[in-house]
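Notes for the one structure printed next.
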Amino acid sequence: MAHEDEVTGLIHQFSDPEVEPAWRLDALLDLQQREDPRITLAVLRVVSDAAQPVSVRLGGIRALRGRLRTAPHRVEIAQVLARIVSDSAASDPELRLEVTVALGDCIDIPGVMAELCAVCAEPGELFDVRYAAFMSLQRGGPTPEAIDVLTRLSSDETLGLSAQSILLRWQSP
């Protein structure tokens, strides 16, 4: 029971907007050392809240990324992350960059590939975010969607040569 009380206290400290961001991130570090199903959902709530400080949301995204391959709430995590990256007008560029990298770990979840493809194909997107989406897309392997996007990107001024190179590599045995 003491363990549960400690986890509850840490979740409260991390989630409380009245607590200084540095203390919240410290609580997050403590939470990451524990295995408790409540932690993932609490971190996800903070990450999805645009009113939270960017530093706290970034810490949360990094914590979630460590759980993306095994988390029981993997689909919910990917959906929240995809919403963040899709909202280029409202989301902080550093946050979107971290999310785009994290999404590379869940290409198999419906909607994630489409979101990464949209970011890759958007020439007005920030280069770092666009390139991170490109690399995440590549990590997903030669899926029909990825091949289609890379084929379209082959003539792109910025990513064209890289897209061509990946397509050639995927075609070679």
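The values are calculated or read from the model by the stated rules, or taken from the named source; none is laboratory data. None of these values were measured; they are calculated from a predicted model. Heads up, the Cβs are rebuilt from the backbone with ideal geometry, glycines too, and the neighbour counts pull from every protein chain shown.
Structure notes:
- Of all residues making up region 3-25, the number that are assigned to a loop (DSSP other than H, G, I, E, B) and out of contact with any helix residue (DSSP H, G or I) (no Cβ under 6 Å at 6 or more places or on another chain): 4
- Candidates A146, A132, A114, filtered to the one that is at pLDDT below 90, part of a helix (DSSP H, G or I), closer than 25 Å to E76 by Cα and touching a Gly at 6+ places or on another chain (Cβ under 9 Å): A146
- Any hit, region 144-154, residues being over 21 Å from R65 (Cβ atoms), touching a helix residue (DSSP H, G or I) at 6+ places or on another chain (Cβ under 9 Å) and of a type in the set (G, A, S): yes
- Considering region 149-173, and only residues there that are assigned to a helix (DSSP H, G or I), among the polar types (S, T, N, Q) and out of contact with any Ser or Thr (no Cβ under 8 Å at 6 or more places or on another chain), the residue that is surrounded by the fewest Cβ atoms within 10 Å (Cβ to Cβ) turns out to be Q171.
- Any chance A132 is under 21 Å from R65 (Cα atoms) and crowded, with 18+ Cβ neighbours inside 10 Å: yes
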